Structures are given as structure tokens and as C-alpha cells.
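The values are calculated or read from the model by the stated rules, or taken from the named source; none is laboratory data. Owing to the predicted nature of the structure, the values given are computational and were not obtained by experimental measurement. All Cβ positions, glycine included, derive from the backbone under ideal geometry; neighbour counts span all protein chains shown.
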Amino acid sequence: MEEKRMLRFTKMHGAGNDYVYVDGIRDAAPEDAPALSIRVSDRHKGVGSDGLVYLLPSTVADVRMRMWNADGSEAEMCGNAVRCVGKLAYERGYARKGTVTVETMSGVKTLVLDVRDGLVAAARVDMGEPVFEPARIPVSFEGELVMGKDFLRKTVLVDDKRFEISCVSMGNPHAVTFVEDVAKFPVEKWGPLLENHALFPKRCNIEFVQVLGPDRVRARVWERGSGETQACGTGACAVGVLCATLGRTGRGLSVELPGGTLGIEWAEDGRVLMTGPAESVFDGGIEV
């Protein structure tokens with residue numbers, strides 16, 4: 001019988017979007033990450049999280065991030081997780097500058113850290129430029145990728161309900177739809193149906209948005225592979241970009257999510273800047 005060992009981890013969250021973080025620079029990270037993610041994410045029998053994140057060495061950045069959703073599927077990017085990775089990298093001495101670079105599946109992200117008394121409280125992340133081309137998001141129809149320059153204000157029929165959706169990629173796929181009262185909207189019903197709609201060959205993150213003013217919106221997110229989460233960094237970026245594109249807000253806004261507020265700025269050079277907190281909850285160990 002293979003001898004088990006105790007794997008150290010840190011539970012962290014960004015605006016309530018919580019993950020179990022394993023320091024693969026300090027410790028050997030288990031190879032079967034999908035199974036471990038399912039195990040630790042269980043909020044009754046595991047640690048309880050939206051997924052699992054590995055902090056790893058990188059040859060192109062200060063550190064590398066890999067992440068898995070609660071269902072074990074690997075995700076390309078998470079804006080809340082990358083801020084927490086930047087916090088870990090700084091506080092554990094893997095990067096001791098005010099600016100940290102993190103390699104992700106959607107490219108290298110640059111973080112400007114808000115350091116207070118030697119600890120990282122928040123970070124601003126350069127999330128790169130949004131992708132509007134539906135073939136690159138991706139969006140498909142009857143098995144064929146949709147061509148064209150964008151996929152905006154399209155009507156989608158789900159059961160007997162029509163949704164107007166607009167799509168963008170922030171390194172992972174997002175679809176935004178606007179509702180009158182997001183607090184009362186049945187996200188748990190329509191979120192999974194939209195996530196798994198035939199339009200989305202790789203599934204999709206779904207944002208339900210209520211516009212409160214020219215620089216303020218409220219949103220709930222149904223995350224691909226994790227269900228409704230307290231916050232979603234890439235989702236907040238998608239919301240900011242699409243609200244501005246559709247003329248519902250300006251290019252700078254606060255996105256209020258159940259777990260906290262993220263600041264989004266769509267700069268004139270096309271890059272999206274996201275600002276938000278990064279917090280440690282506790283350290284622990286799990287037998288693997």
C-alpha cells in the first residue's frame with residue numbers, strides 16, 4: 001500500500017471567491033489534481049471551496065498558476081485566484097517586488113500589489129484585452145464555430161424563456177445578460193442551462209447583471225464547473241467590457257458581487273485592469 005502524506009494548503013479568497021491553494025514550489029503537488037479538486041471543494045466532506053489552485057515554478061514569469069474548478073475541470077484563468085497567487089508569491093519570497101508576474105493558461109498576467117506592513121491586502125491585475133470574435137470565445141451553432149467580429153445582443157431561447165446575451169472572452173468564455181433585479185433572479189435555475197447551452201462547446205461562465213448607474217452595476221455569476229460563486233474576477237471584467245460596449249456604463253465601474261466589490265477599468269489602450277482584495281483564511285493539511 002502506498003504511504004500517504006500530509007499535503008499542506010492555504011485557504012484563500014478574493015471577494016468571497018474561495019480556493020484551496022497548494023504551494024508546488026515548496027511541496028510536491030499531487031498529479032491527480034482533478035480528483036483532489038473535487039475532494040477539497042466539497043463543503044460538507046472536504047475543505048470547502050470553489051476549486052483548487054497550484055502555485056508552481058515558471059520559466060517566463062515569477063510564478064505559474066494552474067487551477068481546477070469544483071467539478072475537476074481545469075480553468076484557463078481566474079481573476080480572483082491570480083490576486084491570491086500574487087499574494088502568496090510575495091509573502092513567501094518568490095517575488096519581492098511591488099509588481100509580480102504570474103503565468104496562466106491565458107498568458108502572463110502582471111499584478112501591482114497593495115502591500116501593507118509586509119502583507120498583500122489587494123492587487124491590480126492587467127487582465128489583457130478582451131476577445132470579441134465568437135470563434136475565439138468560443139461560440140458555435142449546430143456544431144460549427146460562429147464567424148464574425150462579435151456576438152452581441154443575440155436572443156437565445158432556453159426552454160420557454162428568451163435571453164438577450166452578449167459574449168466575450170477574458171481568457172475564458174463569458175456570456176452577459178441583463179436583468180431587472182439580480183437579487184431576486186433565479187440564477188440557480190437558468191445558470192446551469194445557459195452554461196451548458198449548445199452555443200458553448202467549452203461551456204460558459206454566465207453573468208446576470210443589474211445596472212445601477214453609469215459607473216456601478218450589481219452582478220451574480222454562474223461559474224463554469226463551480227456553480228454560483230461569491231465573485232468572479234474574469235466575470236467582472238467581462239461585465240465591465242460589455243456594459244461599456246453596449247452603452248450601459250462608462251469604461252470605469254464598480255462591479256458589486258455577493259462577496260464584495262471589484263473595480264474594473266477598460267483603458268483606452270484596450271487593456272482591462274481589475275482591482276480587488278486578496279485574503280488568507282487559514283492554513284491546513286490534508287492526507288493524500
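Each residue in the range 139-148 was checked for being among the hydrophobic types (A, V, I, L, M, F, W, C) and part of a strand (DSSP E or B), and 2 pass.
What number of residues within the range 155-172 satisfy the criterion of being part of a strand (DSSP E or B) and out of contact with any helix residue (DSSP H, G or I) (no Cβ under 9 Å at 6 or more places or on another chain)?
Of all residues in the range 155-172, those part of a strand (DSSP E or B) come to 155-158, 161-169.
With the extra rule that they be out of contact with any helix residue (DSSP H, G or I) (no Cβ under 9 Å at 6 or more places or on another chain), the set shrinks to 155, 157, 162, 164.
Here the count works out to 4.
Report the residue count in the range 229-274 for those that are of a type in the set (Ser, Thr, Tyr) and either assigned by TED's automatic domain parsing to the domain that holds ARG83 or not in a strand (DSSP E or B) (or both).
Taking the range 229-274 as the starting set, the residues that turn out to be of a type in the set (Ser, Thr, Tyr) are 229, 234, 245, 249, 254, 261.
From what is left, the residues that are either assigned by TED's automatic domain parsing to the domain that holds ARG83 or not in a strand (DSSP E or B) (or both) are 234, 245, 249.
Result for the range 229-274: 3.
Checked against the criterion of being in contact with a Lys or Arg (Cβ under 6 Å, 6 or more places away or on another chain) and either among the charged types (D, E, K, R) or modelled with pLDDT under 95 (or both), the candidates GLU279, GLU256 yield just one match: GLU256. ALA35 - would you say it is over 28 Å from ALA219 (Cβ atoms), more than 19 Å from the chain's Cα centre (by Cα) and not in a loop (DSSP other than H, G, I, E, B)? Taking the combined requirement at face value, the residue satisfies it.
Within the range 83-100, the residues that satisfy the criterion of being free of Cβ contacts under 8 Å to residues at least 60 places away in the same chain and surrounded by fewer than 19 Cβ atoms within 10 Å (Cβ to Cβ) are GLU91, GLY93, ARG96, LYS97, GLY98, THR99.
Given the criterion in the same structural domain as VAL146 (by TED's automatic domain parsing) and more than 16 Å from the chain's Cα centre (by Cα), identify the matching residue among VAL211, VAL221. Explain how you work it out, then say what you get.
Values: VAL221 fails: more than 16 Å from the chain's Cα centre (by Cα).
That would be VAL211, the only listed residue that is in the same structural domain as VAL146 (by TED's automatic domain parsing) and more than 16 Å from the chain's Cα centre (by Cα).
Number of residues in the range 101-126 that are in contact with a Leu (Cβ under 7 Å, 6 or more places away or on another chain), surrounded by 20 or more Cβ atoms within 10 Å (Cβ to Cβ) and within 12 Å of GLY79 (Cα to Cα): the value is 3. Scanning the range 112-138 for residues that are under 18 Å from the mean Cα position of the chain (by Cα), assigned to a loop (DSSP other than H, G, I, E, B) and closer than 30 Å to TYR94 by Cα gives MET127, GLY128, GLU129, PRO130.
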